[in-house]
Amino acid sequence: MEAATAPHHRLLAAVDVGTNSFKLLVACALPSGRLLALDRLKEPVLLGRGRLPDGSLSPDTLLRALAALRSFDAALRPLPLHGPPRLVATSAVRDAPNRADLLSIVRSDLGLDVEVLSGEEEARLIYLGVLQFLPVYGKSVLTVDIGGGSTEFVVGKRGEVQFATSLNLGHVSLTESFIKNGTLDDLRRHIRSALRQSPLIKIRELGFEVAVGSSGTIRSIERAIFLSGYDDLMSSREFSREWRFSREELRLLVDKLLGLGLGDVKGVRRLGFSKKRGEFIVAGGVLLLEIFEALGIENMEVSGYALGEGVISEMLASECMDFDVNANVRWQSVIGLAMRFDSDNRMKLAARCVGIAKELFDGIRRCDDLTNCLSKAAICLDEKDFEYLEAAILLHNIGLLIDKKGYHKRSYKIIKNGVHLHGYSSEEIEIVALLARFHRKKFPRADQGSLKECSEEMKKKIRVLCAIMRISLALQKCQCVIFQGLEIFHTGGVFKLVLSKLKDHLLVSHDVQLKSETIEAELRPELDHFKEVFQQKICVTISSANIEKSAQVL
């Protein structure tokens, strides 16, 4: 695991010790104070399987759990985390008579504490995660999260929980008890009885404006519904995917699942489910449909964030950082679009560039000579301009998922022609799209045909932001973002950018020249563009405190 370590990034980690799997999430607070998920690891521990007669976790299960957490610990060790990871356990540990045994061995072996969440606390944290992904802060929201051993329900509005409960209905436990015995009728009767006897009547009394589903079961159901009838995942329909589904669509999918023979792995996979998910999806689908019926849900939106993101949101908020639980609609739409096309961890690489771009952006604003140059051109950079730059960096490579050739043009079309960026004006969308379009290949000229509909001020601003973006991406490409310091200053008529304290494995004394040559090849065209835009020369210097050497690159 390798996460972003550029300036301004605060890395935090959370582990969801779940019934079906353990999930590690590494996320960062971007310069804007917003949460961005960077890396995920998952281990199928299956705590809910093979319990002892009294419901205790078996010795083998405890060993699997410890092995998974050891692998997470090893992955986290090289990362500059802002504090220790937070481990939270849910239904399987919560209900185990010998849960103290698990907590004890983890503490003694790894020095980490596992926090056992109540069902209500789990539901609250899931709601916090959802608020970071969907623009539902001001609405009354019902969130449903189907886990391996339990299902969480929470109704919240403006970040405050109005009602939360947890029911012992999970896709793993239901599969173990009913599906494997071939008793589908008993499964339905059991779920309906549990729902009738639960406090869910309170949800009907409170009412809700939006129903949201989160976590793997519901996300995989949405994906299967969307893919139904389409052979090509990357068809044009993918760009208009709404990440929601109706009760009728869910019913049709459940009917298809029930029409397959038990154990028909190929049939389940043809419907769009992975082999691991397919083992439990019948129970998960039937459970969700019964929840729709019981609560009168007609449509459900799907969140890409859940418990792990909620845990990290709370970690950020508790440290009094510049973090707002109410992530605004503009940011959420950027993250939603970026995640939709995030393949091969491209968003992680893009996130590295954001910190560098912020340093460059702020350094330019602090430099009197450069700001005077911009003022003469009637350009004034403000925080909204950095918002455009941040969005463009996170979205610049989404076209890669379709094809590498000309992907920057595809990124432009997805941003420009889709209906993805909510809360942005048409001009703002054009700015973000053009920055993505011109992050590589030709640098935009003032008389560029693509800019013909832009105002003169907009043309100049796009060129300025594009110069910053291209330098940031070039630095990331040559792996010079693994550093602890980036200094920017102006002296002797030259704008200087100094990268300091690079890690030993990237820069040791005998390869300073080699690294310098790599940087020069990547940066030379972009520094020339910077000089063209700002009428100021910029040079880049790399240094390492460990080897007490430095080298001026350009």
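Within the stretch 143-178, being more than 24 Å from PHE280 (Cα to Cα) and under 24 Å from the mean Cα position of the chain (by Cα) holds for VAL155, GLY156, LYS157, ARG158, GLY159, GLU160, VAL161. Being assigned to a strand (DSSP E or B) and modelled with pLDDT of 75 or more is true of LEU497. Strands (runs of 3 or more DSSP E) fully within the stretch 24-135 that include at least 1 residues being among the β-branched types (Val, Ile, Thr) and over 17 Å from the mean Cα position of the chain (by Cα): 86-89, 114-116. Out of curiosity, is LYS276 of a type outside the set (S, T, N, Q), open to solvent by 50 Å² or more (accessible area, probe 1.4 Å) and modelled with pLDDT of 90 or more? No: the conditions fail for LYS276.
Exactly one residue out of ILE297, ILE312 is of a type in the set (A, V, I, L, M), modelled with pLDDT of 85 or more, part of a loop (DSSP other than H, G, I, E, B) and open to solvent by less than 10 Å² (accessible area, probe 1.4 Å): that is ILE297. State whether one or more residues within the stretch 73-89 are over 17 Å from GLU309 (Cβ atoms), buried (at least 17 other Cβ atoms within 10 Å of the Cβ) and touching an Asp or Glu at 6+ places or on another chain (Cβ under 6 Å). No, the stretch 73-89 contains no residue that is over 17 Å from GLU309 (Cβ atoms), buried (at least 17 other Cβ atoms within 10 Å of the Cβ) and touching an Asp or Glu at 6+ places or on another chain (Cβ under 6 Å). Might you let me know whether the stretch 60-70 holds any residue that is within 16 Å of ILE312 (Cβ to Cβ) and either in contact (Cβ under 8 Å) with a residue 60 or more places away in the chain or surrounded by 15 or more Cβ atoms within 10 Å (Cβ to Cβ) (or both)? No, every residue in the stretch 60-70 fails to be within 16 Å of ILE312 (Cβ to Cβ) and either in contact (Cβ under 8 Å) with a residue 60 or more places away in the chain or surrounded by 15 or more Cβ atoms within 10 Å (Cβ to Cβ) (or both).
To keep it simple, each residue is scored yes or no on (1) modelled with pLDDT under 90; (2) closer than 30 Å to GLU242 by Cβ.
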residue: LEU360; (1), (2): yes, no
residue: THR371; (1), (2): yes, no
residue: GLU390; (1), (2): no, yes
residue: HIS422; (1), (2): yes, yes
residue: VAL432; (1), (2): no, yes
residue: PHE438; (1), (2): no, yes
residue: LYS441; (1), (2): yes, no
residue: LYS460; (1), (2): yes, no
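Taking the stretch 139-199 as the region of interest, the strands (runs of 3 or more DSSP E) fully inside it that hold 3 or more residues being out of contact with any Gly (no Cβ under 6 Å at 6 or more places or on another chain) and either of a type in the set (Val, Ile, Thr) or surrounded by fewer than 24 Cβ atoms within 10 Å (Cβ to Cβ) (or both) are 151-157, 160-167.
Residues of the stretch 40-56 being open to solvent by less than 50 Å² (accessible area, probe 1.4 Å) and under 24 Å from ASP73 (Cα atoms), which ones? VAL45, LEU46, LEU47, GLY48 - these are the residues of the stretch 40-56 that are open to solvent by less than 50 Å² (accessible area, probe 1.4 Å) and under 24 Å from ASP73 (Cα atoms). Out of the residues in the stretch 412-458 that are part of a helix (DSSP H, G or I) and of a type in the set (Gly, Ala, Ser), state the one that is most open to solvent (accessible area, probe 1.4 Å). Filtering first and then ranking leaves SER426. Residues in the stretch 224-248 that are open to solvent by 20 Å² or more (accessible area, probe 1.4 Å), at pLDDT below 90 and in a helix (DSSP H, G or I): PHE226, LEU227, SER236, ARG237, PHE239, SER240. The residues in the stretch 474-494 that are open to solvent by less than 20 Å² (accessible area, probe 1.4 Å) and modelled with pLDDT of 75 or more can be counted, and the count is 2.
The values are calculated or read from the model by the stated rules, or taken from the named source; none is laboratory data. These figures come from a predicted structure and were not determined experimentally. Virtual Cβ from ideal backbone geometry, glycine too; neighbours counted across all protein chains shown. The accessibility values were calculated without ligands, DNA or RNA, using every heavy atom of the protein model including side chains. Shrake-Rupley method; radii C 1.70, N 1.55, O 1.52, S 1.80 Å.
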